[in-house]
Amino acid sequence: MAPNNDQTALWPAPHARGAVNATVHVPGSKSVTNRALVLAALASEPGWLRRPLRSRDTLLMAGALRAMGVGIEEGVGTETGSGEFWRVIPSGLHGPATIDVGNAGTVMRFLPPVAALANGPIRFDGDPRSYERPLHGVIDALRVLGARIDDDGRGALPLTVHGGGALDGGPVEIDASSSSQFVSALLLSGPRFNQGVEVRHTGSSLPSMPHIRMTVDMLRAVGAQVDTPESGGEPNVWRVTPGALLGRDLTVEPDLSNAQPFLAAALVAGGKVVVPDWPARTTQPGDRLREIFTEMGGSCELTEYGLEFTGSGAIHGIDVDLGEVGELTPGIAAVAALADSPSTLRGVSHLRLHETDRLAALTKEINELGGDVTETADGLHIRPRRLHGGIFHTYEDHRMATAGAIIGLAVEGVQIENVATTAKTLPDFPDLWAGMLGSDGA
């Protein structure tokens, strides 16, 4: 796993000179935005997305849907103060089209089922790393459900879906232990399949369950009938009934996982960070930060305005299973490297298949700053040591970049290679980071 050798754009991570005191408006959720775009594209009537995230992953999703014939109009609402919006106008899905997935798991996994409903061939391609990320769960399942897909037996990109304008659907068994997105991908398009879909997970533990709950909640909100294990159904089985989807007017929640580095700043530097519009109820995995970062030494209060998170500057180690919230691992590892006692992060072996092998990357980069991190079978063991400055490589992974920024708050001389990769889900991160630090930041 060689890092990007282009170090011409090193970003000096700001060092905190004192406690933080900031309000940070976190952009909208990538997970909600991209699911909402897919559901709106498959609806029987136009819909609205208000305050959508505009980032590389969501713009790739919007561009892909446009390539298949969906109308997506952009504008700014002033009469309601709702800010930016996208109006999605469904139409007959069609090819030929070529879709660039970048390195976005949601795009490469959610859209092949949509493409199977299109008329004509839809080719999927992406960044070099995207070729290494597993897609077999979606490809194999779609073939069972009646789709024709050419992938030369790779179970990965590049591939072509030969859409026939409809898909039979029905029951299918998949092993989604490497990515919950395999389940979400089939459920999102399931209402448009002739027989709906019944997805039975046959593998070991299923990671990132909150993301499946998010998919189910959003399907139900647009009129789909979904039976789940939580609603009295069989374990590891999800059923979606065929039917029309409603267009709706949705305001996208802030991305709570992207709030992580800002909350971490209060833990590391002390002080208070406020994140406006933090929802009282949500399926976003990032909501778990309230519990985890409190255990690591902070305190929080959820008010009508948002989340107020306060740190004392003291950080405690933690022993935690992150299987349902794996995307939080890089930021938690960064905080744990600065703690006053060891930490064990469990349940995240699937992170080896994310934007990069996150477990290997975190181990290498923290250790090269003087840390003591070891990989376990399903996670990391972190023994805090005095860290020093150096180059923190990102492997074109947005959460590696923000993890390095967290460490840089406490360790002078940390330089982030390719901080621009944060644009994947968190546009303008360097400006938001500097704004949070204000005059107290270097």
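The values are calculated or read from the model by the stated rules, or taken from the named source; none is laboratory data. Note that the structure is predicted; figures quoted are calculated from it, not measured. So basically every Cβ, Gly included, is an ideal-geometry build from the backbone, and we count neighbours across all protein chains shown.
Structure notes:
- Residue that is nearest to A115 (Cα to Cα), among those in the range 152-175 that are in a loop (DSSP other than H, G, I, E, B) and touching a Pro at 6+ places or on another chain (Cβ under 8 Å): L167
- Out of A410, A434, A403, sole residue that is closer than 14 Å to L369 by Cβ, in contact (Cβ under 8 Å) with a residue 12 or more places away in the chain and more than 22 Å from the chain's Cα centre (by Cα): A410
- When residues in the range 286-299 are screened for being under 19 Å from the mean Cα position of the chain (by Cα) and either over 16 Å from A334 (Cβ atoms) or part of a loop (DSSP other than H, G, I, E, B) (or both), 3 of them pass.
- Unmet requirement for G232, which otherwise passes all of (1) touching a Leu at 6+ places or on another chain (Cβ under 9 Å); (2) under 22 Å from S205 (Cα atoms): (1)
- Residue check for L362: within 25 Å of G311 (Cα to Cα), at pLDDT 95 or above, assigned to a helix (DSSP H, G or I) and in contact with a Ser or Thr (Cβ under 8 Å, 6 or more places away or on another chain): yes
- When the range 316-349 is filtered for residues that are at pLDDT 95 or above and among the acidic types (D, E), the ones remaining, listed by number, are D319, D321, D340.
- Meets criteria (touching a residue at least 24 places away in the same chain (Cβ under 8 Å) and part of a loop (DSSP other than H, G, I, E, B)) for P207: yes
- Candidates R154, R109 - the one that is within 15 Å of A64 (Cβ to Cβ) and out of contact with any strand residue (DSSP E or B) (no Cβ under 8 Å at 6 or more places or on another chain): R109
Here's the yes/no breakdown for (1) under 24 Å from S179 (Cβ atoms); (2) over 24 Å from the mean Cα position of the chain (by Cα); (3) modelled with pLDDT under 95:
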{"site": "M68", "(1), (2), (3)": "yes, no, no"}
{"site": "G75", "(1), (2), (3)": "no, yes, yes"}
{"site": "G83", "(1), (2), (3)": "no, no, yes"}
{"site": "V88", "(1), (2), (3)": "no, no, no"}
{"site": "S91", "(1), (2), (3)": "no, yes, yes"}
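- Number of positions in the range 313-337 that are of a type outside the set (V, I, T), surrounded by fewer than 22 Cβ atoms within 10 Å (Cβ to Cβ) and assigned to a loop (DSSP other than H, G, I, E, B): 6
- Looking only at residues of the range 377-403 that are among the basic types (K, R) and farther than 15 Å from G317 by Cβ, we find that the one that is surrounded by the most Cβ atoms within 10 Å (Cβ to Cβ) is R399.
- Of the residues in the range 35-55, at least one is in contact with a Phe, Trp or Tyr (Cβ under 9 Å, 6 or more places away or on another chain), touching a residue at least 40 places away in the same chain (Cβ under 8 Å) and at positive phi.
- Boolean, R352 is outside the structural domain of A156 (by TED's automatic domain parsing), of a type in the set (K, R) and modelled with pLDDT of 95 or more: no
- Hits in the range 413-431 (condition: outside any loop (DSSP other than H, G, I, E, B), touching a residue at least 60 places away in the same chain (Cβ under 8 Å) and surrounded by fewer than 22 Cβ atoms within 10 Å (Cβ to Cβ)): Q415, A420, A423, P430
- Within the range 379-390, the residues that satisfy the criterion of being under 16 Å from P330 (Cβ atoms) and not aliphatic (A, V, I, L, M) are G379, H381.
- If you go through the range 159-174 and keep only what is surrounded by 18 or more Cβ atoms within 10 Å (Cβ to Cβ) and either under 25 Å from the mean Cα position of the chain (by Cα) or outside the structural domain of R220 (by TED's automatic domain parsing) (or both), you end up with L159, T160, V161, I174.
- Strands (runs of 3 or more DSSP E) contained in the range 34-118 and holding at least 3 residues over 27 Å from D140 (Cβ atoms): 47-50, 71-77, 83-89
- Looking at E73, E45, just one residue is of a type in the set (D, E, K, R), in contact with a strand residue (DSSP E or B) (Cβ under 6 Å, 6 or more places away or on another chain) and surrounded by fewer than 20 Cβ atoms within 10 Å (Cβ to Cβ), and that residue is E73.
- T310 surrounded by fewer than 24 Cβ atoms within 10 Å (Cβ to Cβ), more than 23 Å from P430 (Cβ to Cβ) and in contact with a Ser or Thr (Cβ under 7 Å, 6 or more places away or on another chain): yes
- Filter pass, S179 being part of a helix (DSSP H, G or I), in contact (Cβ under 8 Å) with a residue 12 or more places away in the chain, hydroxyl-bearing (S, T, Y) and closer than 23 Å to M218 by Cβ: no
- Scope the range 214-248; condition of a type in the set (D, E, K, R), under 19 Å from L37 (Cα atoms) and over 22 Å from the mean Cα position of the chain (by Cα); matching residues: R248
- Hits in the range 235-252 (condition: out of contact with any Lys or Arg (no Cβ under 8 Å at 6 or more places or on another chain), in contact (Cβ under 8 Å) with a residue 12 or more places away in the chain and surrounded by fewer than 24 Cβ atoms within 10 Å (Cβ to Cβ)): R239, T241, G243, A244, L246, G247, R248
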